[in-house]
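Novice: Questions regarding the structure given below will be posed in turn.
The values are calculated or read from the model by the stated rules, or taken from the named source; none is laboratory data. Not measured: the values here are computed from a predicted model. Every residue, glycine as well, gets a Cβ built from its backbone with ideal geometry; the counts of neighbours run over all protein chains shown.
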Amino acid sequence: MTRRLALALGLLSLTGCGLRPLYAGGASGAVATTLHSVSVGPIEGRAGWLVRGKLVDRLGTAGAGSAYRLEVKLDDNITALGIRSDRAATYERRTLRARYQLVDSASGAVVLDATAGSDVGIDIVSSEYATVAAEQTALEQLADTIADQIVTRLALFAARSAPAT
């Protein structure tokens, strides 16, 4: 009986702390509605194609009359590390950085300007095919991470700019 009382008191104390679920209201909530109203512009390069596809998957497709436009510029870099005595690299670090802006379609004003980034290590092996495959896999993982970071930041923006209920 005391466990139930303690649990009930604990749950009641959480209601007064001001925390709200980010995606309150589900698909018709303020955050989901805002995210669905974002169109993603084209992004240069293979990395851009991957990131844009992942963003569209996460945000949904916004029609021609979208409220916001997301503009993304990527910096994709591979740095060789772990140099052997014969000057061959044994390890690479692939870094993907994104600078993105959320633009209000009606006014053209930038309402959010932020960055996202991640990196991953790649072992270089004797098979050139295996190394290229590892680099491509790393790029796909980085695109996932960047897209997740951008959508999370957009969701926080949407939650903060939504009218209080």
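Novice: Might you check whether a residue that is loosely packed, with under 15 Cβ neighbours inside 10 Å and among the β-branched types (Val, Ile, Thr) occurs anywhere in region 96-109?
Specialist: no
Novice: List pairs: first residue in region 147-161 and under 12 Å from residue 98 (Cβ atoms) and in contact (Cβ under 8 Å) with a residue 24 or more places away in the chain, second residue surrounded by fewer than 18 Cβ atoms within 10 Å (Cβ to Cβ) and of a type in the set (A, V, I, L, M, F, W, C) anywhere in the structure, Cβ distance under 6 angstrom, at least six positions apart or on different chains.
Specialist: 153/114
Novice: Mind checking which pairs have a first residue in region 96-124 that is under 18 Å from residue 144 (Cβ atoms) and a second that is part of a strand (DSSP E or B) and acidic (Asp, Glu), Cβ under 6 Å, 6 or more apart or different chains?
Specialist: 96/76; 97/75; 122/92
Novice: Would you tally the residues in region 123-148 being surrounded by fewer than 18 Cβ atoms within 10 Å (Cβ to Cβ), at pLDDT below 95 and touching a Lys or Arg at 6+ places or on another chain (Cβ under 7 Å)?
Specialist: Qualifying residue count, region 123-148: 1.
Novice: Right, something else. If you scan region 77-95, which residues turn out to be charged (D, E, K, R) and surrounded by 12 or more Cβ atoms within 10 Å (Cβ to Cβ)?
Specialist: Pass one, region 77-95, residues charged (D, E, K, R): 84, 86-87, 92-94.
Within region 77-95, 92, 93, 94 qualify.
Novice: Would you be able to tell me the number of residues in region 33-51 that are under 13 Å from residue 142 (Cα atoms) and without any contact (Cβ under 8 Å) to a residue 12 or more places away in the chain?
Specialist: Going residue by residue through region 33-51, those that are under 13 Å from residue 142 (Cα atoms) are 46-51.
Filter again for without any contact (Cβ under 8 Å) to a residue 12 or more places away in the chain, leaving 49.
Number of matching residues: 1.
Novice: Any idea which residue in region 112-165 is farthest from residue 69 (Cα to Cα), counting only those that are hydroxyl-bearing (Ser, Thr, Tyr) and in a helix (DSSP H, G or I)? So that I can check it myself, show each step before the final result.
Specialist: Taking region 112-165 and keeping what is hydroxyl-bearing (Ser, Thr, Tyr), we get 115, 118, 126-127, 129, 131, 137, 145, 152, 161, 165.
Checking the rest, the ones that are also in a helix (DSSP H, G or I) come to 129, 131, 137, 145, 152, 161.
Working: 129: 38, 131: 36, 137: 29, 145: 20, 152: 16, 161: 16 Å.
Selected residue: 129.
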